[in-house]
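Novice: Structure in structure tokens, see below.
The values are calculated or read from the model by the stated rules, or taken from the named source; none is laboratory data. Keep in mind the model is a prediction, meaning the values are calculated, not measured. Here the Cβ positions follow ideal geometry from the backbone for every residue, glycine too, while neighbour counts run over all protein chains shown. Calculation scope for accessible area: heavy atoms of the full protein, side chains included, ligands and nucleic acids excluded. Shrake-Rupley method; radii C 1.70, N 1.55, O 1.52, S 1.80 Å.
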Amino acid sequence: MKFLQRLLDFYINSSIHVALSVYSLVQLTHILFSISDDKSTSLFSFFGTIVGYNFVKYDALARTQKLEMTIQLKVISFLSLLSLVATGFFFFQLQKCTQIIGFIFLAVTLLYTFPFFPNRKNARNWAGIKIYIVALSWVGVTLFLPIINTNLPFNSYVFLVAIQRFILIFVLILIFEIIDLQNDDPHLKTVPQQIGVAKTKRVGVVLMILFVLLEFLAKDFKVEFLILKTGLAVTTISFLLFSNENRSRYYASFWVESIPVFWWLFLVVLESF
């Protein structure tokens, strides 16, 4: 049992799980826009997420020398190095315009980690802004990169899905902020810190209802997409309502981040029949 728990901890701490969540959202984008051959974007997003998240998580600790190099961290460092090589390889498989957008998100990651201005905090510690930076980054990587790389037009449905994707990621982050409420620096001014847990949950529920209703604005309305997004909304709302500060760290870092994975796999199985 201890071995399985250590394996799960490594799987989460090494950012493989969050990378799989990003990969799943890219695959959902492929399904929504009938993209059949774009493995480069999917794998670039997967390995890039491992590199980016591990860099953000462990860089500050390493620079302040508060990080003890355990066996797990050494393996994570090696995995991150391999992922960096893989990210570089798949980066050069992308279209030129997609590479430019990829550089933009690299700049966002650096801004999120390093203070760019003297006597200023990095973007991760900017009061009240972290949730928007993360949500926008996920929308860019999981939606805009596949669209750009396959030369699809930026029509009204792309922007509709962009709003929906932003809402979904925003609400998922709200769950993390509720669970981390007791540990977060008060100066971060997260949503639960500013308006309280109860109001945060109400905001999240309203946003997810809007997430579903927006689907009716699609010009090429499809019932199967409405069912998919309703399922995503119901699942997310359920996790949001049952979230609190006393939940295990696995509640958010494993189960909540599994929501996109579950719905992608559900569609894969559904399409196989």
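Novice: For the peptides 143-156, 22-35, what is the packing order when you average, over each peptide's residues, the other Cβ atoms within 10 Å and list the highest mean first?
Specialist: Details: 143-156: 17.1, 22-35: 20.6.
Taking the mean over residues of other Cβ atoms within 10 Å, the ranking is 22-35, 143-156.
Novice: Additional query: Take the stretch 135-273, drop everything but the C-alpha atoms, weight them equally and run the Debye formula without solvent; then report log10 I(q)/I(0) at 0.10, 0.14 Å⁻¹ to two decimals.
Specialist: Values returned for q = 0.10, 0.14 Å⁻¹ are -0.37, -0.71.
Novice: Got a sec to turn the phi values of the stretch 189-199 into Karplus ³J(HN,Hα) couplings, 6.51 cos²θ - 1.76 cosθ + 1.60 with θ = phi - 60°, whole Hz, x for Gly and Pro?
Specialist: Ordered by residue, 3J(HN,Hα) equals 6, 5, 4, x, 5, 8, 10, x, 5, 4, 5 Hz.
Novice: So what is the accessible area of the chain per residue, in Å², with the probe set to 1.4 Å? Intermediate values should be presented prior to the final figure.
Specialist: Working: 14800 Å² over 273 residues.
On a per-residue basis, 54 Å².
Novice: Alpha carbons only, please: Rg and Dmax for the stretch 1-44, in angstrom.
Specialist: That works out to 14.2, 43 Å for Rg and Dmax.
Novice: I'd like the Karplus ³J(HN,Hα) series for the stretch 92-102: coefficients 6.51, -1.76, 1.60, θ = phi - 60°, whole numbers in Hz, and an x wherever there's a Gly or Pro.
Specialist: Using θ = phi - 60°, the values come out as 7, 8, 7, 5, 4, 5, 5, 4, 5, 4, x Hz.
Novice: Give the carbon-plus-sulfur fraction of the accessible surface of the chain in %, rounded to a whole number; probe 1.4 Å, heavy atoms of protein chains only. Please list the in-between numbers first.
Specialist: Details: 10110 of 14800 Å².
Carbon and sulfur together cover 68 percent of it.
Novice: What order do you get for 187-193, 256-262, 238-244 when each peptide is scored by the mean count of other beta carbon atoms within 10 Å, highest first?
Specialist: On the way: 187-193: 18.0, 256-262: 19.9, 238-244: 16.0.
Answer by packing, highest mean first, reads 256-262, 187-193, 238-244.
Novice: Measuring from label point to label point, each 7 Å out along Cα→Cβ, what is the V85 to F242 span in nm?
Specialist: 4.2
Novice: Taking just the C-alpha trace of the chain, give me its Rg and Dmax in Å.
Specialist: 18.6, 58
Novice: Right, next: Work out how much length K199 to I227 would gain on full extension: take 0.36 nm times their residue separation and subtract the Cα-Cα distance, in nm to one decimal.
Specialist: Details: separation 28, 0.36 × 28 = 10.08 nm, distance 2.72 nm.
Full-extension gain reported as 7.4 nm.
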